[in-house]
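Values in this text are rule-based calculations from the coordinates and carry no lab data. Computed from a predicted model, the values in this text were never measured in an experiment. Glycine also receives a Cβ, built like all others from the backbone with ideal geometry; neighbour counts cover every protein chain displayed.
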Amino acid sequence: MLPEVTAITYVTPLREGGSLPAIMEADDYGTYVVKFRGAGQGPKALVAEVISARLARVCGLRVPDLVTVVLDPALAAGEPDQEIQDLLRASAGLNLGVDFLSGAVDFDATAPAVDGELAGRIIWFDALVSNADRSWRNPNMLLWRDQLYLIDHGATLTFQHRWESAAAAATRPYDVTEHALIGCDPQIEAADAGLAGLITADVLDEAVAEVPMDWLEPESAISPDPARIAAAYASQLADRLAARSHWVPPLVETARQPGIARRRPARTAPPAWLTRSPRQRAAEGGQA
């Protein structure tokens, strides 16, 4: 299970995210980017974050540490923004906290300096979890202390939004044409050879076991029982892994195409909240 902390201070919203996550301080003296169960994407986005983060680590990829964050809706009373008040009240209980990497900067998709071995592992991982959000427009990667970190996996595990068609999703090719790292000569075949054996049944069970049971909402296509829903996640990912012959070759073929353009992302400068910690910003009078 993930470590559990209690939120004590709402610092600032991150309005660049559609679900309005926020920087919050907790009773362990940590600072976290908190993603709320009451946001429009609902608990399924949090489920995807937890499972994908665990699998990323098994693949040797860096992700920020995760915790569950207990939120008292009474914190809403101290916020002047009605939208934030409503979100906090709707998110009572367990939410997801992502370790705040103070001083991190956005990955530059205009000149990605990632070696082919690492690029191959990231693309293979994204294909396994069907990540819909690692494009050149929104790479969802940070550089922190000279290391590359993967963030924002709420758009993975897309099968969970329609369990009735999950079986077909297991063999579905992954569209890598606009992936942020497709121009880095990714070694996808080497990644497949090295990583597939690491994603065992035990690993899948352990990844799903990190998800709080009350985030697993009843599914009419499966069961109202959270334990059976958890088992369905592990089974679906096992099926996806077993179907690599359907989605790995197209990745390799696309990566070998000459002249894949490196495009310019919509945001070319890191957001202010990444470059200084909340306390530093407060000391500077809240200036961006």
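Applying 1/(1 + (r/R0)^6) with R0 = 22 Å to the Cβ-Cβ distance of Thr158 and Asp81, what FRET efficiency is obtained, to the nearest 0.05?
On the way: r = 31 Å, r/R0 = 1.41.
About 0.10, to the nearest 0.05.
Tell me, which longest segment in the chain has none of the GluC sites (Glu not before Pro) that fall in DSSP loops with at most 14 further Cβ atoms within 10 Å? Longest gap between qualifying sites, sites excluded: 17-177.
If the chain linking Ala227 and Ile8 were pulled fully straight, counting 0.36 nm for each residue of separation and taking away their Cα-Cα distance, it would gain 75.7 nm.
Ala111 to Arg256: FRET efficiency via 1/(1 + (r/R0)^6), r the Cβ-Cβ distance, R0 35 Å, to the nearest 0.05? E between Ala111 and Arg256, to the nearest 0.05, is 0.95. Counting every pair of alpha carbons in the range 20-174, the share spaced more than 18 Å apart comes to 62 percent. Take the Cβ atoms of Thr171 and Ala209, set R0 to 22 Å, and the FRET efficiency comes out at 0.25.
Applying the Kirkwood pairwise sum to the alpha-carbon positions of the chain produces a hydrodynamic radius of 19.8 angstrom. Here, the range 134-229 yields an orientationally averaged convex hull projection of 8.4 nm² when only Cα atoms define the hull.
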